[in-house]
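Asks: Sharing a structure here in structure tokens format.
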Ligand SMILES: [Zn+2]
């Protein structure tokens, strides 16, 4: 299906951009020794994970129905959307508006940030 091909291509570009951004930020962070940029790299890494989840789920959802999944594989996109929503909640930790409190991830980010500033 053309529409699905299109979705897969866009998801693939998102992963490419994520890899590039994360790579650059890690490199600059390490070269400059800036913990601020390294914590920014952690943000990009989480975005990259979200992009990967999207890419994988869009590819799986394209598969035709089989014996285990007689209604097809489209529902995986709903599951991946849920996973990404949870990732965004974890990521919003540093804004102090996260509804899930101080997760380990958020606490780690605070730790890094407090050294950077
Ligand atoms: Zn299946």
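The values are calculated or read from the model by the stated rules, or taken from the named source; none is laboratory data. None of the values given here were measured: they were computed from a predicted structure. We place every Cβ from the backbone using ideal geometry, glycine too, and count neighbours over all the protein chains shown.
Asks: Might you check whether a residue that is at pLDDT below 90, surrounded by 18 or more Cβ atoms within 10 Å (Cβ to Cβ) and touching a helix residue (DSSP H, G or I) at 6+ places or on another chain (Cβ under 8 Å) occurs anywhere in the range 19-33? Full working, then the answer.
Replies: Of the range 19-33, the ones at pLDDT below 90 are none.
Within the range 19-33 (the criterion being at pLDDT below 90, surrounded by 18 or more Cβ atoms within 10 Å (Cβ to Cβ) and touching a helix residue (DSSP H, G or I) at 6+ places or on another chain (Cβ under 8 Å)), the answer is no, since none of the residues qualifies.
Asks: Next question. Where residues in the range 63-78 are in a helix (DSSP H, G or I) and touching a helix residue (DSSP H, G or I) at 6+ places or on another chain (Cβ under 7 Å), which of them is surrounded by the fewest Cβ atoms within 10 Å (Cβ to Cβ)?
Replies: Pass one, the range 63-78, residues in a helix (DSSP H, G or I): 76-78.
Filter once more, so that each one left must be touching a helix residue (DSSP H, G or I) at 6+ places or on another chain (Cβ under 7 Å): 76-77.
Working: 76: 19, 77: 15.
So the residue we want is 77.
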